[in-house]
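Working notes, structure below.
The values are calculated or read from the model by the stated rules, or taken from the named source; none is laboratory data. Treat the numbers as computed from the prediction; the structure is a model and nothing was measured. All Cβ positions, even for glycine, are placed from backbone atoms using ideal geometry, and neighbour counts span all protein chains on display.
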Amino acid sequence: MNKARIAVLISGTGSNMAALVYAAKHPACPFEIVLVASNNPDAPGLRLAAAEGIPIFAHSHKGMTRADHDSIMDAEIRKSGADMVALAGYMRILSAGFVQGWAGKMLNIHPSLLPKYKGLHTHERALEAGDSHGGVSVHLVTEELDDGEILGQTPVAILPGDTADSLAARVLIAEHQLYARVLGDYVRRDFDPVWLTQRVRALAMAEPEAEESLSHGMACFGIKGGKKFAWVSDNHHGDGRVALLVKVSGPEEQAMLIERDEDRYFKPAYFGNDWIAIRLDLGGLDWEEVRQRISASWLAVAPAKLKKALSVADEF
Ligand code: GRF
């Protein structure tokens, strides 16, 4: 498996960045760090990254609009060949354009058990509230501050006499453990048959009257009492591929898709000329296309009566 390429953005010490850098040195780590970038040219973490042989980039945000600074960072990240961005103590609010450009591909680490204590002074707030635990969260970055899907958390017990600093120091230990694990799981899931099947399941089962069954060892989805419209083929006859099988209009569309991208599409064995197999396990999958293909396949097998009933229902 190719390793995911990660750009890490920092503003200061960069101890979380360092934890990612050292985790990435393990041969089994599914990601590599291709860039460490900062809005603070004096960030101590930059020196550490450079000493570890990682390309670094710094550009101060001072005297610039947020959008201009973000677009300089964005250009540098893209130039590095990064597939994903890990924010690690990057003390900047990000512009909407930057966030949208990395939707689903940008993670952040935040020193609280989100959704509690978004923003700053998290440890003080946990202590003031009399919480039994502080902690850390790794989450996807969305336009709302510290609000995206939570991918992993570690609670850290608060001790009698803890100060914000003493708690922060212990939470930091948990941060260093958590970030690399969550990032590793996140990049691996694009190649994980169980997770890929779950995503297909969610899309297929959202179709009207859908039901799941197991056929020839494959998860497959059909219309209740009717025909099948989607199959997940996982290492079928040891072919080493995870693919979605859906109906297409006929042999022309099948041939056109294979010609367009013969790594991604193939003719599924034992299925007719009106089916296509789409590899799910190559990374960089367009899930919107998958959704549309599942819907089109459903439409292709749905009985006229059901389609009619639904279009009537739509009018109300
Ligand atoms: C960490 O506590 C992180 O959770 C927060 O900023 C701090 C950065 O520390 N977002 P470091 O630069 O990684 O040492």
| field | Residue check for residue 196: within 16 Å of the ligand (Cβ to nearest atom), part of a helix (DSSP H, G or I) and surrounded by 15 or more Cβ atoms within 10 Å (Cβ to Cβ) | value | no
| note | So, first residue free of Cβ contacts under 8 Å to residues at least 24 places away in the same chain and assigned by TED's automatic domain parsing to the domain that holds residue 84 in the stretch 126-149, second residue outside any loop (DSSP other than H, G, I, E, B) and within 14 Å of the ligand (Cβ to nearest atom), Cβ within less than 8 Å, six or more apart or across chains; the pairs are 149/139
| Can you tell me which residue in the stretch 1-17 is farthest from the ligand (Cβ to nearest atom), limited to those that are buried (at least 20 other Cβ atoms within 10 Å of the Cβ) and more than 16 Å from residue 110 (Cα to Cα)? | 4
| message | Among the listed residues 114, 159, identify the single one that is of a type in the set (A, V, I, L, M), in a loop (DSSP other than H, G, I, E, B), modelled with pLDDT of 95 or more and within 17 Å of residue 183 (Cβ to Cβ). | response | 114
| said: Could you list, ordered by first residue, the pairs with Cβ atoms under 6 Å in which the first is in the stretch 58-69 and within 16 Å of residue 45 (Cβ to Cβ) and the second is assigned to a loop (DSSP other than H, G, I, E, B), at least 6 apart or interchain? | reply: 58/41; 60/41
| In the stretch 251-284, what count of residues is obtained for those that are on the phi > 0 side of the Ramachandran plot and surrounded by 12 or more Cβ atoms within 10 Å (Cβ to Cβ)? | 1
| Lone qualifier among 298, 287, 231 - being assigned by TED's automatic domain parsing to the domain that holds residue 214, exposed (fewer than 13 other Cβ atoms within 10 Å of the Cβ) and either under 16 Å from residue 205 (Cα atoms) or within 23 Å of the chain's Cα centre (by Cα) (or both) | 287
| task | Inspect all residues belonging to the stretch 174-181 and state whether any of them is out of contact with any strand residue (DSSP E or B) (no Cβ under 6 Å at 6 or more places or on another chain), in a helix (DSSP H, G or I), assigned by TED's automatic domain parsing to the domain that holds residue 302 and crowded, with 17+ Cβ neighbours inside 10 Å. | result | no
| remark: Per the filter on the stretch 133-143, residues closer than 23 Å to residue 187 by Cα and either assigned to a loop (DSSP other than H, G, I, E, B) or more than 12 Å from the ligand (Cβ to nearest atom) (or both) are 140, 141, 142, 143
| Among 76, 124, which is touching a His at 6+ places or on another chain (Cβ under 9 Å), modelled with pLDDT of 95 or more and assigned to a helix (DSSP H, G or I)? | 76
| request: Please find, within the stretch 139-166, the residue that is farthest from residue 109 (Cα to Cα) out of those that are surrounded by 16 or more Cβ atoms within 10 Å (Cβ to Cβ) and among the polar types (S, T, N, Q). | output: 142
